[in-house]
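Student: Just dropping this structure here.
Every number in this text was worked out from the coordinates using simple rules, so none of it is lab data. The structure presented is a predicted model; accordingly, all values stated were derived computationally and were not measured. Glycine also receives a Cβ, built like all others from the backbone with ideal geometry; neighbour counts cover every protein chain displayed.
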Amino acid sequence: MAGSEQNALRARNDALRDQVDSLMEIFERQRRELADVQSRLAATTGEAWSSDNLVRVVANISGIPLEVHLTPEAFKRSTPEKLGHSITEAAQAAAAAAATQSQQAFAPIQALAGDIPDLPDLVPGAPSINDLLQPSRPESTSQPAAPPPDSDDEDDYYRSRSYLRDR
């Protein structure tokens, strides 16, 4: 091999080494930020009130309700069916709020990833770094909540039932 060929190979090798070093630096920065985001997300919750302001729900980023709070007048102003719909509504809104916070927390890491090639581009068959950085989102229910009963149904409920049933 001639000296000029060796110099050309050495130059390409040096350029490739610089590129790999740059990628490793970005990867390490992403890894540190990801660890920070994961620890923040572990404590992140979303909170929402029902539209009738009788129910407040706190959910984690997976959409799982952690707390359900009912106002003291909830049992006076609502029927069990309406209250169930209010709880469902508030839980879905709290899950959506937590998912939004999760997406916002991952945004800086995803911005860093946009400028570098993905791992499968460099190493065929390697897992995608982008797949690792995508936050999981709670799946929304495909069924819309049923509308609350009208006031005539509510009146019939209170006229025909008692709060305490004989056992």
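Student: Output wanted: per-residue J couplings in Hz (rounded whole) for the stretch 47-52, from phi through Karplus 6.51 cos²θ - 1.76 cosθ + 1.60, θ = phi - 60°, x for Gly and Pro.
Tutor: Each residue of the stretch 47-52 in turn: 10, 8, 9, 6, 5, 8 Hz.
Student: Could you give me D for the stretch 37-104, from Stokes-Einstein at 25 °C and 0.890 mPa s, where the hydrodynamic radius is the Kirkwood radius over C-alpha pairs? Units µm² s⁻¹, please. Each step should come with its number before you reach the end.
Tutor: Working: Rh = 12.0 Å.
In µm²/s, the coefficient is 204.
Student: Can you pull the one-decimal nm distance between simple spin-label points at residue 71 and residue 7, each 7 Å off the Cα toward Cβ?
Tutor: Placing both labels 7 Å beyond Cα along the Cβ direction yields 8.2 nm.
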